[in-house]
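Beneath this line is the structure, given in structure tokens, with notes to follow.
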Amino acid sequence: MTEAKVLNISKLNIKYKNSSNSSFIKDISFDIIKGEVITVIGESGSGKSTLAKALTGLLPPSAAVAGNLTISEVEDYVLPGTNTVWSAIRGTRITYVFQDAQQALNPILTVQQHFKETLLSKGINENEYLKISKQYLSFLNFSDIDRILSSYAFQLSGGMSQRVCIALAICTEPDLLIADEITSALDTVSQNDVIKLLRKARDQLGMSIMFITHDLKLAKDFSDRILVMHDGEIVERGAYQKLQSSATTALVRDMIGIIERQKKDNSQLQQISNIPSPQVLVEVNNIFKEFDNFQVLNNLSIEIYEKEIFGLFGESGCGKSTLAKILAGLQSYDSGQIFFLGEDFAEVSKKLKRKLYSKVQFVFQNERGCLNPRRKIIDIVQEPLRYLKLHAKDEMKDIAKKCLASVGIDEKYFSRRSPELSTGQCQRVALAKALVVNPRFLILDEITSALDIRTKYDILDLLINIFQREDIAMLMISHDLSALDYVCHRIGHMKNGKISRVFVGRERLGNTISDSKTLPY
């Protein structure tokens, strides 16, 4: 008996009108079986998200789409399709969960209002939508459902926001759920929870899942089949075991090799310097921070030395990013003391505080979100120099060029804007923008979470290179223990708003990471 197909895409080609004549997506064809999890994997810029958006009519007007789409073997559409066609398909037959859940949720609507808008638009009776909302939030393992319904996106952690988005996507009982990099920004615990919930949705609701990720290790454990994309084409397809034994492309062999590499002792920085400077650069004493009667930071203390990379990990909502924003002067704190270069931030004059904070730079998780899409990257990197008035105007451009070159951005990209760059290139630009003022302390908040494996290690090697040539200390926040292991001198585990444990040296750290039973969370 032939297995039923929920989707078939045939001869899909996509070009962008403002680019060259070459196709961005090149003659792609595949199908998805009912109840199947099919994973699309590839490096940044390979076309994964473009492919997914083509299946839901979400590409911008500049995209020229051609191909044929068949849903449930009976509904045939010639792409690009009309707005009427996509209105009938999106949210009913096919639903989409985006990578950044908090950005996908409207910040001025409560969760309940999101459900109301979604369900009423699909013909659900107004008297029924609240019951259905609660049913699907319960399905996604929420216990305090009434509080969640009355909450806004900014009142939820990353993992909670992602679960809300999944509930919104499955409440219309679609044939196919497209999940686009939805675990990349989550800690290991939240990531595993989301994968379990997707399995539960597949098994109990009978839907198919198209899972997009750059993490081959995650794809290995979750997928029935894997499609590997490179340069707009599907270059490999099949179960992980097939790819592992008979991959024909160097790209896939490299990805599999890196998974094996992650299992080994691969800390590079420990070979350079095991003992950072004994001089304390940043000292945090007994910091408290409360939001809406919830204690985010609870008597937290930490010291970061000069010429040290200090790693920080913990579950979503434990206070990592709040601490980072406080250290960068982007968030106030309720009580405690912070010393930088021996100066108490709370006691110094406004003029000196501005000077001190110019020595502290922040690189955000969402690298595209911190780059103005309308401005050329050469102008973006010059912006801190103009604001802080550190150099003469005629010198700034040359300084910015040197800084971009030092992080591996070729001169041909200097006049491009962030939408024209890959994710990895945007991350390098964000680093250049932070480094252009010669900071003493660099705060890195989940900067590798959205990167494919090869690009991740390129960025980590770049951080080591920066560390070696600059007089700089770094605080690196990540849920990826292998990334922290690769570059950090010490790693702190954050739990319940404080540092619960600090790992020092290869032996203790290596044992913790290699043995999942001893993971601190």
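The values are calculated or read from the model by the stated rules, or taken from the named source; none is laboratory data. All figures in this text were calculated on a predicted structure; none of them were measured in a lab. Cβ sites come from the backbone with ideal geometry, for glycine too, and all protein chains shown count toward neighbours. Just the protein is used for accessible areas: all its heavy atoms, side chains included, with ligands, DNA and RNA removed. Shrake-Rupley method; radii C 1.70, N 1.55, O 1.52, S 1.80 Å.
Got a sec? Charge dipole of the chain, +1 on Cβ for Lys and Arg, -1 for Asp and Glu; which of ALA179, LEU475, ALA104 is way out at the positive end?
LEU475
Show which lysines lie in cross-link reach of LYS11 when reach means a straight Cα distance below 28 angstrom and same-chain residues fewer than eight apart are skipped.
Hits, sequence-local ones excluded: LYS26, LYS34, LYS48, LYS53, LYS220, LYS242.
If you wrap a convex hull around the alpha carbons of the chain, what volume per residue comes out, as a whole number of Å³? Don't skip to the end; give the middle numbers.
Values: hull volume 85.1 nm³, N = 521.
Residue-normalised Cα hull volume stands at 163 Å³.
Have a look at the range 322-447 and give its Rg and Dmax from the Cα atoms, expressed in angstrom.
Final numbers for Rg and Dmax: 15.4, 48 Å.
To the nearest 10 square angstrom, how much accessible area does PHE288 have with a 1.4 angstrom probe?
60
Tell me the carbon and sulfur percent of the accessible area for the chain, rounded to whole percent, probe radius 1.4 Å.
46
Relative to the longest principal axis of the C-alpha atoms of the chain, give the angle of the C-alpha long axis of helix 423-435, reported between 0 and 90° and rounded to the nearest 10°.
Here the helix axis deviates by roughly 20 degrees.
Given a 1.4 Å probe and the protein chains all in place, what does the accessible area of HIS391 round to, in Å² to the nearest 10?
Accessible area of HIS391: about 70 Å².
Can you divide the C-alpha Rg of the range 378-454 by 2.2 N^0.38 Å and report the result to two decimal places?
In units of the globular-protein estimate, the range 378-454 measures up at 1.11.
Set the Förster radius R0 to 56 Å, insert the Cβ-Cβ distance between SER349 and ARG253 as r into 1/(1 + (r/R0)^6), and round the FRET efficiency to 0.05. Intermediate results must be reported in sequence, preceding the final value.
Values: r = 58 Å, r/R0 = 1.04.
Approximately 0.45, to the nearest 0.05.
Sorting check: for 409-416, 195-202, which peptide has the highest mean count of neighbouring beta carbons within 10 Å, and how do the rest follow?
Ranking, from highest mean packing down: 195-202, 409-416.
What nm distance separates the two modelled labels at ASP394 and ASN438, each placed 7 Å from Cα along Cα→Cβ?
2.1
Report, for the chain, the % of DSSP beta bridges that are antiparallel, rounded to 5.
Antiparallel: roughly 55 percent of the beta bridges in the chain.
Out of every Cα-Cα pair in the range 1-129, what percent are more than 22 Å apart?
47
Once fully extended, how much extra length lies between LYS376 and SER500, figured as 0.36 nm per residue of separation less the alpha-carbon to alpha-carbon distance?
40.3 nm
What FRET efficiency comes out for the pair SER422/GLU126, r = Cβ-Cβ distance, R0 = 35 Å, nearest 0.05? Mind showing how you got there, number by number?
Numbers: r = 45 Å, r/R0 = 1.28.
Efficiency at R0 = 35 Å is approximately 0.20.
Give the accessible surface of the chain per residue, rounded to a whole number of Å², with probe radius 1.4 Å and ligands, DNA and RNA excluded.
So the chain comes to 45 Å² accessible per residue, rounded to a whole number.
May I ask for the angle, rounded to the nearest 10°, between helix 393-406 and the longest principal axis of the chain, with both axes built from Cα atoms and the value confined to 0 to 90°?
Taking Cα atoms only, the helix is inclined about 70 degrees.
For the peptides 307-317, 143-153, 373-383, what is the packing order when you average, over each peptide's residues, the other Cβ atoms within 10 Å and list the highest mean first? Could the numbers behind the result be given before it?
Details: 307-317: 23.2, 143-153: 15.0, 373-383: 18.4.
Packing order, densest peptide first, comes out as 307-317, 373-383, 143-153.
Give the long-range amide H neighbours of VAL37: residues separated by 5 or more places, or on another chain, with amide H under 5 Å away, using H modelled in the peptide plane at 1.01 Å from N.
ILE209, ASP224, ARG225
Mind ordering 434-446, 99-111, 214-226, 123-135 by average Cβ neighbours within 10 Å, highest first?
Final packing ranking: 434-446, 214-226, 99-111, 123-135.
What is the helix-to-structure angle for 188-205, meaning the angle in degrees between its Cα long axis and the longest Cα principal axis of the chain, kept from 0 to 90 and rounded to the nearest 10?
10
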